[in-house]
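K.L.:
Submitted below is the structure of interest, expressed as structure tokens.
The values are calculated or read from the model by the stated rules, or taken from the named source; none is laboratory data. Keep in mind that this is a model prediction, so the values were computed, not measured. No Cβ is skipped: glycine too gets one built from the backbone with ideal geometry, and neighbour counts run over all protein chains shown. Ligands, DNA and RNA are excluded from the accessible area calculation, which covers all protein heavy atoms including side chains. Shrake-Rupley method; radii C 1.70, N 1.55, O 1.52, S 1.80 Å.
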Amino acid sequence: MSRSITWDVTSAEAADFEARHHRGDEPHLLRELVRAYQTLMAVFARRTGMPAARFGLLRLLAVTEGERGVMDLARELGVNPAAVTRQVQELERAGLVRRRADRQDLRRSHVSLSPKGRRVFAEIHVRTHELERSLAAVLGEEEMRGAARVLGRLRVAVEGSVAGLGEDRR
């Protein structure tokens, strides 16, 4: 069963809800998600020696046959193309990727993993599984599967609800 998330709440509605329903002891899912994410990413970076965002870029390149465009990578990662360009430059300096300018449009470039990048990705990928095994040792297999299932459903619900919203409203 798929439910959509409603984001259209006025300040007055939010204040009214807060006054009627906020006891102070409710679970704060968003806060816990953010804190868990930040903690996991810090542990990931320490254990692998690479920030998770950079590893995500390597992973996309590792599962790609041939090259990927920077704009395509940015779209798939859900980040600004300039951020991908900066990461590609860092990975290129480290010898982990190869970048080639598009012959027809020199503003565009195509990126692929270098042999060194494939080796580094494989090593870090093994470490990610080690981290997951250590988490499973704490939570247990059933809770790990349940957490993955719930988080996946949450991600799909949020992605579906924001797809039609366009730009963020602040």
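K.L.:
Being farther than 26 Å from LEU61 by Cβ, loosely packed, with under 15 Cβ neighbours inside 10 Å, touching a helix residue (DSSP H, G or I) at 6+ places or on another chain (Cβ under 9 Å) and of a type outside the set (Lys, Arg) is true for just one of LEU151, LEU139. Which residue is that?
P.N.:
None of the others qualify; the one that does is LEU139.
K.L.:
Here is a list of conditions, (1) at pLDDT 85 or above; (2) touching a Lys or Arg at 6+ places or on another chain (Cβ under 9 Å), and ALA83 meets all of them except one; can you say which number that is?
P.N.:
Status for ALA83: all satisfied but (2).
K.L.:
Going through the stretch 60-88 one residue at a time, which ones are part of a helix (DSSP H, G or I), surrounded by 15 or more Cβ atoms within 10 Å (Cβ to Cβ) and not small (Gly, Ala, Ser)?
P.N.:
Within the stretch 60-88, LEU60, LEU61, VAL70, ASP72, LEU73, LEU77, PRO81, VAL84, THR85, GLN87, VAL88 qualify.
K.L.:
Any residue in the stretch 40-63 that is modelled with pLDDT under 90 sitting within a Cβ distance under 8 Å of a residue that is among the basic types (Lys, Arg)? List the pairs, counting only those 6 or more apart or interchain.
P.N.:
Close Cβ pairs (under 8 Å, with a partner that is among the basic types (Lys, Arg)) amount to ARG47/ARG127; THR48/ARG127.
K.L.:
Still on this structure, I have one more. Residues being closer than 16 Å to GLU67 by Cα and assigned to a helix (DSSP H, G or I): count how many of those fall in the stretch 96-120.
P.N.:
4
K.L.:
Residue check, HIS125 against (1) open to solvent by less than 40 Å² (accessible area, probe 1.4 Å); (2) at pLDDT 90 or above, all met but one. Which one?
P.N.:
(1)
K.L.:
When you scan the stretch 108-117, do you find a residue that is more than 17 Å from the chain's Cα centre (by Cα), at pLDDT below 90 and either closer than 28 Å to SER161 by Cα or open to solvent by less than 100 Å² (accessible area, probe 1.4 Å) (or both), even just one?
P.N.:
The answer is yes, given that some residue of the stretch 108-117 is more than 17 Å from the chain's Cα centre (by Cα), at pLDDT below 90 and either closer than 28 Å to SER161 by Cα or open to solvent by less than 100 Å² (accessible area, probe 1.4 Å) (or both).
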